[in-house]
Ligand SMILES: C[S@@+](CC[C@H](N)C(=O)[O-])C[C@H]1O[C@@H](n2cnc3c(N)ncnc32)[C@H](O)[C@@H]1O
């Protein structure tokens, strides 16, 4: 199932998408975020946008009863095949979460999912309806996926225009991470922790190692929305970004935000 015209994945890359997601775990300092969570032992936790289940596994290892929800049935089949202790998986569109008669959760984990909702304010209202009063929401999201330099002005301008185009077309919100604090507060959440996730793929300085460069090559291949938006200029951007990631002068302005917030 595809939710987003701007990040939509070609059916031909689905298998490699799983492989690419699997590699990402080691590039992000997830333990620093999990250390901030309340004791999860015995809690009911929803892993929204669980994909292939790495976070569901981690939450299960912390003693939680986990329900992983995602709309990608292939990734979910893989998650199910892992037989993760005390974890169940459900294929659904998260836009309908509030209508699914789910038990109220003690906690909700949601990483790299908020940006799929250009109106995350209204989505968070739905999410809040499946969370207990006093329950926690741990959400991680980035801002500025392509904000890497040095990059020719022509490409920087394309990227800014694409961000705006994607947002205005109810597509992916490339600035979602920077908006989370306001959206959480306006939906009745009290923020207890905020930090930036250390991330070797999205938010790093200097030259990337070859595994990260390959991940970016793959990511740029599956960005069909950006490809369509830029037309004949897209290969030039791909080349320029890859050159930039290989450069010792590479600078990233992309930030990965993490919030732990409680429902008041
Ligand atoms: C970038 S992945 C993040 C996976 C994982 N949470 C992580 O942090 O690595 C986003 C996931 O959200 C799912 N997703 C996005 N929009 C969705 C929607 N409206 N309903 C269900 N799943 C959705 C996608 O299928 C995908 O598996």
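Values in this text are rule-based calculations from the coordinates and carry no lab data. Everything numeric in this text was worked out from a predicted model, so none of it was measured. Here the Cβ positions follow ideal geometry from the backbone for every residue, glycine too, while neighbour counts run over all protein chains shown.
Things worth noting here:
- Equivalent ellipsoid dimensions for the chain as semi-axes, Å, which come from the Cα gyration tensor, largest first: 31, 19, 18
- Ranked by how many other beta carbons lie within 10 Å on average, peptides 175-184, 216-225 from highest: 175-184, 216-225
- With both labels modelled 7 Å from their Cα along Cα-to-Cβ, the residue 41 to residue 16 distance reads 4.5 nm.
- Relative to the current alpha-carbon distance between residue 191 and residue 34, full extension at 0.36 nm per residue lengthens the span by 54.9 nm.
- From its DSSP helices (H runs of at least four residues, each -39,500 (n - 2.57)), the chain gives a residue-normalised ellipticity at 222 nm of -11500 deg cm²/dmol.
- Distance from the C-alpha centroid of the stretch 194-264 to that of the stretch 98-113: 28 Å, rounded to the whole angstrom.
- Residues 227, 85 arranged by fewest to most Cβ contacts within 10 Å: 85, 227
- Reduced Cα scattering model of the stretch 197-264, Debye log10 I(q)/I(0), q = 0.11 Å⁻¹: -0.34
- Note on residue 90 and residue 122: their simple-model spin labels are 2.2 nm apart, each label 7 Å out from Cα toward Cβ.
- In range of the label at residue 129: residues from the stretch 35-59 whose backbone nitrogen is under 19 Å from the point 7 Å along Cα→Cβ: 46-49
- Using alpha-carbon coordinates, inclination of helix 153-168 to the longest axis of the chain, degrees: 30 degrees
- Between residue 218 and residue 181, the contour length at 0.36 nm per residue exceeds the Cα-Cα span by 10.2 nm.
- Using C-alpha pairs below 8 Å separated by at least 6 residues, the relative contact order for the chain is 24 percent.
- Helix 210-222 and the longest principal axis of the C-alpha atoms of the chain enclose an angle of approximately 90°.
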